[in-house]
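Note sheet for the following structure.
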Amino acid sequence: MRRWESWSLLVGLVAVVGLFAAAREVVDPLGRVVPVPDQAQRIASPYGMGTYYLYALGAKDRIVAGWYIGLRTANQAPEALRRLDPNLATKLRFGDPNVEDVAALGVDLILADATRYAAFTRLAREVGFPVLEYRVETFADMASALRVTGQALGGEAEARGDALARKVEETLAALAAATAGLGRPRVLFSGTDTLCVASGTMFQTLLIEAAGGASVSAGLAGSWNEVSLEQVLVWDPEVILLAPYSAAEPKDLLADPNWQRLSAVASGRVFKMPRLIAPWDTPVPDALLGLLWLAEVLHPGALGIDLCAEVLAFHRETYGLELSAEELAGVGCP
Amino acid sequence: MSRRRAWLVHLLWIAPLAAFVGSLLVGRYPLSFASLLQGLGEGSTSLAGSILWRVRLPRAIAAGLVGANLGLTGALFQGVFRNPLVDSRILGVSSGAAFGAALALLVGSPAAVQGGAFLSGLAAVGLLLLLGARFGFSPLVLVVTGVLVGAFFSSLLGLVTYVADPLRTLPAITFWLLGGLGGTRWGDLVPVAAVSTPGLLLLLALRWRLNLLSLSDAEAGALGVNAKVFRPLAVAAGTLLVSASVSISGMIGWVGLIVPHVGRAIVGSDQAKLLPASAALGATTLLVLDAIARSALPGEIPLGVLTGIVGVPAFLAVLRVFLRRRGEAR
């Protein structure tokens with residue numbers, strides 16, 4: 001038998017053993033009962049958020065192929081993510097996943113998005129791979145997704161998933177209590193472009209509301225909406241937030257003569273949401289920091305927390321990563 | 001016929017079969033010929049069998065069918081419209097189908113993409129025939145109304161992409177528009193085959209008469225073919241094939257434009273020979289390109305992108321030959 005034939009046989013055997021070693025069942029976020037291997041060791045996550053769940057649950061070494069929010073190459077990744085996973089370049093995938101690629105990698109568990117890559121998901125399930133499907137649009141969805149992922153990974157990850165989900169629930173409750181009697185500043189959240197704003201159903205809007213603000217664009221439907229500067233002038237936001245992946249910087253808006261009439265610009269309250277591992281405005285565990293950071297922006301001191309200590313502790317406890325002074329400075333911590 | 005050309009004609013019929021078998025041997029998952037045969041016998045009980053039966057076979061059949069449809073309709077339309085620069089996209093059916101697929105993705109129902117694309121493609125054909133019934137079915141009217149129908153559906157598609165979620169829905173729409181056969185399953189093939197097979201057979205059966213459509217209506221009438229009836233019939237059958245193809249593969253350009261020219265170089269411009277030759281060449285082309293699309297990189301390469309990258313240089317080569325014959329190029 002030639003060498004590559006032996007390899008293919010081995011990979012096939014590993015995969016088949018993986019497929020038939022299903023010892024447990026979990027109910028995925030879409031309510032499907034999915035048989036999962038006792039200890040999934042080779043995971044593919046064509047679901048951008050799901051990849052970060054795996055990191056947060058301590059399963060980074062089990063990721064063999066991962067899709068990362070907005071990343072096409074490892075060089076585009078933030079330094080913190082590259083330090084967290086030195087093997088990022090070999091795992092990073094983008095675009096439409098390929099069932100044969102997954103099979104060749106000997107994958108024994110797949111995390112998938114319920115809407116994106118639907119054809120891949122259907123085919124992968126038909127071929128026999130255990131596929132967990134996610135649709136995460138709210139904080140409650142995220143908490144449940146973390147629990148399910150923990151259960152699917154088994155062992156210590158199950159407790160970690162549960163702890164993170166509880167942390168999400170506790171943080172939301174603490175924020176609601178701390179901001180209950182306070183005014184709700186009008187907030188504009190802009191995405192890749194300054195005039196591309198978040199609609200009412202988007203996670204970013206939920207984030208603003210949970211942190212004690214009111215999104216000026218909450219009345220818009222759909223997804224990101226292009227609006228005119230005139231509309232922004234009508235809204236007159238008191239705070240403007242730029243997404244971590246925005247090409248614009250707060251100083252650009254503060255210097256732009258067209259934007260000077262806005263309350264947010266006049267008072268200098270234009271901020272770029274940080275990103276260290278994952279963007280803080282997306283439904284991944286880092287959104288916990290997004291909540292705390294935004295609450296501090298909108299209602300300074302109301303929570304009674306030391307944000308920088310929280311940022312340090314979150315990365316240490318969730319990812320096992322010590323942040324550098326430079327990374328801390330990047331999120332406004334001296 | 002020269003010996004070289006006769007040899008080429010024989011090759012034309014063997015090529016799709018060879019490409020079909022060859023494409024079963026190629027993929028990201030390493031399968032030797034022996035394990036392929038073993039998988040063939042095992043069905044989907046083993047991983048190798050699953051890869052062969054559930055991943056490669058339906059996809060190869062889809063590539064063959066879509067390629068044959070695009071090649072044949074390209075040749076058909078070039079003849080019917082007496083224009084060597086038209087292909088299956090000229091009548092707006094692709095744009096119609098693209099709108100339906102994008103709409104299905106927008107409303108969050110990926111399972112409805114194929115049906116949405118097909119129905120919306122049919123709506124485009126319906127609109128075209130309705131306009132034809134009003135303004136006549138001359139080649140000029142068909143091309144103009146086709147372009148208008150295409151522009152209308154392109155605008156609707158623009159509207160859908162404008163309101164789509166840029167993180168999830170928009171990439172799905174974009175990838176669909178770029179064309180590809182990733183994730184094709186047996187179930188997806190049934191409606192395509194149900195429409196394509198009778199459509200292909202009908203056009204192949206009528207291929208002798210199709211030659212007459214490239215004449216004027218009066219000349220065709222003198223030779224016993226009522227072009228006013230036969231032309232919309234041929235166009236409707238062709239657009240049905242395109243609609244069925246686009247519904248499964250997304251937008252795949254260039255195959256329908258280039259393949260008939262290559263076919264013409266081998267079998268001449270007699271539609272009776274050109275139609276089956278273009279179908280065979282189209283199937284071969286798409287089988288080969290799809291094998292590259294799913295094997296070259298860990299992720300899928302959009303098939304429409306590959307056909308463009310291969311198609312444009314091929315078109316330039318065809319143009320050079322064409323101009324040379326007219327003595328306009330060195």
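Bear in mind that the values in this text are calculations on the coordinates, not laboratory data. Just so it is clear, the model here is predicted, and its values are computed rather than measured. Ideal geometry is used to build each Cβ from the backbone, glycine not excepted, and the neighbour counts take in all protein chains shown.
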Inset, instruction - Kindly point out which whole DSSP H helices in chain A project their C-alpha atoms 20 angstrom or further along the helix axis while averaging a Kyte-Doolittle hydropathy of 0.5 or above. - result: A:3-20, A:139-153
Inset, instruction - Could you give the size of the charge dipole of chain B about its Cα centre, using +1 on the Cβ of each K and R and -1 on the Cβ of each D and E, expressed in debye and rounded to the nearest 20? - result: 880
Inset, instruction - Would you tally the net charge around A:Leu294, using a Cβ to Cβ cut-off of less than 15 Å, leaving A:Leu294 out, and scoring K and R as +1, D and E as -1? - result: -1
Legend entry - For region A:181-207 and region B:261-280, distance of Cα centres in Å: 59
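Once you compute Rg and the Kirkwood Rh from C-alpha atoms, what is the Rg to Rh ratio for chain A?
Values: Rg = 21.3 Å, Rh = 21.1 Å.
When Rh is taken as the Kirkwood radius, the ratio is 1.01.
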Legend entry - Selected from B:Arg28, B:Arg89, B:Arg231 as most flexible by GNM, with chain B as the system and alpha-carbon contacts under 10 Å: B:Arg28
Legend entry - Top positive-direction residue, dipole computed over region B:1-69 with Cβ charges, set B:His10, B:Ser35, B:Ile51: B:His10
Legend entry - Packing-based exposure ordering (other Cβ within 10 Å, fewest first) of A:Val265, A:Val136, B:Val255: A:Val265, A:Val136, B:Val255
Legend entry - Backbone HN-Hα couplings from phi across region B:295-312 [Karplus 6.51/-1.76/1.60, Hz, Gly and Pro as x]: 10, 5, 10, x, x, 6, 8, x, 5, x, 5, 4, 5, x, 5, 7, x, 5
Legend entry - Shape category assigned to region B:202-257 from the gyration tensor of Cα positions, a/c cut at 1.5: prolate
Legend entry - Kirkwood Rh in Å, taken over the protein assembly as shown so that all alpha-carbon pairs contribute: 27.5
Legend entry - Inter-centroid distance (Cα atoms) of region A:65-97 relative to region A:122-146, Å: 20
Legend entry - Whole-Hz ³J(HN,Hα) from phi, Karplus 6.51 cos²θ - 1.76 cosθ + 1.60, for region A:246-257, glycine and proline x: 6, 6, 7, 10, x, 5, 5, 5, 5, 8, 6, x
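Please go through region A:140-199 and write out the GluC sites (Glu not before Pro) that DSSP classes as loop and that have at most 13 other C-beta atoms within 10 Å.
Within region A:140-199, no GluC sites (Glu not before Pro) qualify (loop, at most 13 other Cβ atoms within 10 Å).
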Inset, instruction - Return, for the Cα atoms of region A:36-173, the radius of gyration and Dmax in Å, separated by a comma. - result: 14.4, 45
Inset, instruction - Work out the charge dipole of chain B with +1 on the Cβ of Lys and Arg and -1 on the Cβ of Asp and Glu about the Cα centre, then indicate which of B:Leu159, B:Ile90, B:Val262 is farthest towards its positive end. - result: B:Val262
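As an exercise, use a Förster radius of 51 Å and the Cβ-Cβ distance of A:Asp38 and A:Thr73 to find the FRET efficiency, rounded to the nearest 0.05.
On the way: r = 35 Å, r/R0 = 0.68.
Given R0 = 51 Å and the Cβ-Cβ separation, E is 0.90.
Explain nothing, just the number: dipole magnitude of region A:3-172 about its Cα centre with +1 on each Lys and Arg Cβ and -1 on each Asp and Glu Cβ, in debye rounded to the nearest 20.
Values: 19 positive and 21 negative charges, 66 e Å.
That gives region A:3-172 a dipole magnitude of about 320 debye.
Could you list, in their original order, any pairs among B:Lys228/B:Lys273; A:Lys167/A:Lys251; A:Lys60/A:Lys167 whose Cα atoms are separated by more than 28 Å? Don't jump to the answer; show the numbers that get you there.
On the way: B:Lys228/B:Lys273 24 Å; A:Lys167/A:Lys251 34 Å; A:Lys60/A:Lys167 21 Å.
Result: A:Lys167/A:Lys251 exceed 28 Å.
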Legend entry - Relative contact order [Cα under 8 Å, 6+ residues apart], region A:193-293, whole percent: 27
Legend entry - chain A: most fluctuating residue of A:Ile43, A:Ile208, A:Ile305 per GNM, C-alpha cutoff 10 Å: A:Ile305
Inset, instruction - For chain A, with a Gaussian network of springs between Cα atoms less than 10 Å apart, report the residue from A:Pro130, A:Pro237, A:Pro250 with the top mean-square fluctuation. - result: A:Pro250
Inset, instruction - Could you give the size of the charge dipole of the protein assembly as shown about its Cα centre, using +1 on the Cβ of each K and R and -1 on the Cβ of each D and E, expressed in debye and rounded to the nearest 20? - result: 3400
Legend entry - Where N is the number of residues in region A:131-210, Cα Rg divided by 2.2 N^0.38 Å: 1.35
Legend entry - Whole-number percent relative contact order across chain A, with pairs defined as alpha carbons under 8 Å at least 6 apart: 15
Inset, instruction - Give me the distance between the Cα centres of region B:68-108 and region B:129-145, rounded to whole Å. - result: 16
Legend entry - Under-5 Å amide H pairs with A:Arg275, H placed in peptide plane, nonlocal only: none
Legend entry - Value of Rg/Rh across chain B [Cα atoms, Kirkwood radius]: 0.98
Inset, instruction - Pop the C-beta distance of A:Ala180 and B:Phe152 into the FRET formula with R0 = 60 Å and round what comes out to the nearest 0.05. - result: 0.70
Legend entry - Amide H contacts of A:Gln41 (H built 1.01 Å from N, under 5 Å, at least 5 apart or other chain): A:Asp108
Inset, instruction - Count neighbours as other Cβ atoms within 10 Å of each site's Cβ, and list the GluC sites (Glu not before Pro) in region A:197-303 that are DSSP loop with at most 14 such neighbours. - result: none
Inset, instruction - Rounded to whole Hz and in sequence order, give me ³J(HN,Hα) for region B:120-133 from the Karplus expression 6.51 cos²θ - 1.76 cosθ + 1.60, θ = phi - 60°, writing x for Gly and Pro. - result: 5, x, 5, 4, 5, 5, x, 4, 4, 5, 4, 5, x, 4
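Per residue and in cubic angstrom, what volume does the convex hull of the Cα atoms of region B:172-220 have?
Values: hull volume 6.4 nm³, N = 49.
Convex hull of Cα atoms, per residue: 130 Å³.
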Inset, instruction - Please state, as a whole number in µm²/s, the translational diffusion coefficient that the Stokes-Einstein equation yields for region B:61-104 at 37 °C and 0.692 mPa s, with Rh defined as the Kirkwood radius across alpha carbon pairs. - result: 288
Inset, instruction - Return P(r) of region B:119-256 (all Cα-Cα pairs; 10 Å bins starting at 0; whole %; ordered from short to long distances). - result: 10, 33, 34, 16, 5, 1
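Which percent, nearest 5, of DSSP beta bridges in the protein assembly as shown are antiparallel? Write out the running numbers ahead of the final one.
On the way: 9 of 29 bridges.
The antiparallel proportion sits near 30 percent.
Could you tally the net charge around B:Ala97, taking each other residue with its Cβ under 15 Å from the Cβ of B:Ala97, Lys/Arg +1 and Asp/Glu -1? Show your work: numbers first, answer last.
Numbers: positive: B:Arg89; negative: B:Asp87, B:Asp188.
Net of charged neighbours comes to -1.
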Legend entry - Summed residue charge, Cβ within 14 Å of B:Leu213's Cβ, Lys/Arg positive, Asp/Glu negative: +2
Legend entry - Taking N as its residue count, the alpha carbon Rg of region A:189-330 over 2.2 N^0.38 Å: 1.05
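Evaluate the relative contact order of region A:3-172 (contact order divided by residue number), counting alpha-carbon pairs under 8 angstrom at least 6 apart; express in whole percent.
Values: 268 pairs, mean separation 43.9, N = 170.
Taking the mean separation of contacting Cα pairs over the length of region A:3-172, I get 26 percent.
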